[in-house]
Each structure stands twice: as C-alpha cells, then as structure tokens.
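First comes the structure, then the notes that go with it.
The values are calculated or read from the model by the stated rules, or taken from the named source; none is laboratory data. What you are looking at is a predicted structure, and each value in this text was computed from that prediction instead of being measured. FYI the Cβ positions are ideal-geometry reconstructions off the backbone, even for glycines, and counts take in every protein chain you see.
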Amino acid sequence: MPAQRRHVARNLGRLGVPSSLGPLRTFASYAACLAEGMALAAGRDVTPTIRVEGGQHLEDALARDRGVILVTAHVGPWDAAAPLLAQREDLEVSIVMRREPNPSARAFHDELRRAGGVHVLHVGEHPLEALSWRRALGPGRALAFQLDRWQRSGIPESVPEGPFRLSALTGAPVVAAFASRVGVFDYRLQIQQPRSFSRRATREELEVAREEVLGGLLEWIRRYPTQWFDFEGVASSGL
C-alpha cells in the first residue's frame, strides 16, 4: 500500500513527526484498534479498561431527553467505543457511515457492529438518506458522526456543518468525544461539554461551535498523531 503509506507520512510530517517509523506505528495502531473492536463487537469475554474524562458531560446531555449527537473522528479505538456505549441499557447507539465499496467487507463489518448493539445508517449521494438521522434521535438515543473525511487530504481545516445543523433542528445537543488506546484493551475517552442550539441558530453561532470542535480534534491529533487513521487522501460523501 505505497500510496497510503506516503499519505500517512505526509500527514505526520505536517504534524511534526519526523520518525521514519511513523507510518508503521500508525498502521500497527490501526490493526490493534481494529482487532480489539472486532473482539468487543463479537462479544468476546474481555473487560476493557476505560478511563473517561468528562463523563458527566454525556450524562448531562442525555438528561435533556432529546437524544445526543456524538461527533468524533477516525481516531484511536473509535470502533470499540461505540459498542461499549451501546452496552448501556438506557442508550441506543447509531452511527452514520459512508458505504464501504466492497459489499462483502461492508456486510462483515455491519454485522459485527449490529452484534455489538450499534445500528449502522449508510449514506451516499442521495439526500433523502439523511431522513433516517432524525429517527435515530430522541430520548435514550445517540447518533454518531465522524468529522475528518469530508474534505481533501491533509490536516482538517474545518468540520462539516451537518451535525450542528441537525442539532439546531432537533434540540439534541452535540457532544464531541475522542478515544485513544494506551495498551491492550486499555482506552482513554475524552468527552467535551454539550453544545446546544436553538432552531433559529445563525450560521455564525454554528461556525463558532464548529471551530471549537475542530480545535479539540486537532489537539487530539497532535497528541496522538499515530492514532489518526486517515489513509485515503480523498473526499468522502460530505458528512
């Protein structure tokens, strides 16, 4: 995968990571996170260690009974965090994802996520597919978006407006959460304070929130550069 390795090396270079081993460490981190996420989704007899910073922020958001819009990125053990959240009896978790182009791979991963209690909402180019987002929100429901694959390659310069606009339409607060892996089934989860908007939220109000979330994402990427899994270097379907 020479193109992907070069892409990762360019990203790491922009982050000031000079080590020639950076791409190798990134792919190794990805493999570990993927394997552990699959094991958790499959119900293996494993009890991970999770240290949560800002856990009360999620509780405060859920207490508003409007649902929660979780925003994260392809960082660390993100694919393990969703099944762990779904283990809560008071929470139904859905995640918005671009369709995997390989049907067999898509079916395999979708089934693992369903087994872990996570509902997958696929999106593509048709705007009506977004209607399912509203149905995935409400009391005791969380809808997750990943923010880092909607524009061209490189360090993110912005995050998409969609989740924030959805928050204004539904009253569900936006909560940013970023996970990191520090060892075998050993994770850290950082949860930011909820952000809420009125139905008449201005573009400027949404832009301020987007900039704040972008700042948190960039801070996380700089802290854990080899746990940011951007391999493609192409734009996604606009999430």
**Prompt:** Of the numbered conditions (1) within 25 Å of THR170 (Cα to Cα); (2) surrounded by 20 or more Cβ atoms within 10 Å (Cβ to Cβ); (3) out of contact with any Phe, Trp or Tyr (no Cβ under 7 Å at 6 or more places or on another chain), ALA209 satisfies every one except a single condition; which is it?
**Reply:** (3)
**Complete:** When ASP45 is run through (1) of a type outside the set (S, T, N, Q); (2) in a helix (DSSP H, G or I); (3) more than 22 Å from HIS122 (Cα to Cα), the failure sits at (2)
**Prompt:** Just checking, which of ALA130, ALA201, ALA176 is modelled with pLDDT of 90 or more, surrounded by 14 or more Cβ atoms within 10 Å (Cβ to Cβ) and either part of a helix (DSSP H, G or I) or within 17 Å of the chain's Cα centre (by Cα) (or both)?
**Reply:** ALA176
**Prompt:** Only one of these conditions is not met by GLY154: (1) at pLDDT 90 or above; (2) surrounded by fewer than 17 Cβ atoms within 10 Å (Cβ to Cβ). Which number is it?
**Reply:** (1)
**Request:** Kindly indicate whether any position in the range 87-104 is modelled with pLDDT of 90 or more, under 20 Å from GLY55 (Cβ atoms) and of a type outside the set (Phe, Trp, Tyr).
**Result:** no
**Close pairs (6 angstrom Cβ cut-off, 6 or more residues apart or separate chains): surrounded by 21 or more Cβ atoms within 10 Å (Cβ to Cβ) in the range 55-67, small (Gly, Ala, Ser) anywhere** = GLY67/GLY138; GLY67/ALA172
**Fill in**
If we keep only residues of the range 2-42 that are among the hydroxyl-bearing types (Ser, Thr, Tyr) and assigned to a helix (DSSP H, G or I), then the residue surrounded by the fewest Cβ atoms within 10 Å (Cβ to Cβ) is TYR30
**Item:** Residue list for the range 79-94, restricted to those being under 25 Å from LEU169 (Cβ atoms) and touching a Phe, Trp or Tyr at 6+ places or on another chain (Cβ under 8 Å)
**Value:** none
**Asked** For the range 48-91, how many residues meet the condition of being within 20 Å of PRO225 (Cβ to Cβ), of a type in the set (Asp, Glu) and not in a strand (DSSP E or B)?
**Response** 1
**Complete:** Among the residues of the range 92-105, the number that are assigned to a helix (DSSP H, G or I) and surrounded by 16 or more Cβ atoms within 10 Å (Cβ to Cβ) is 0
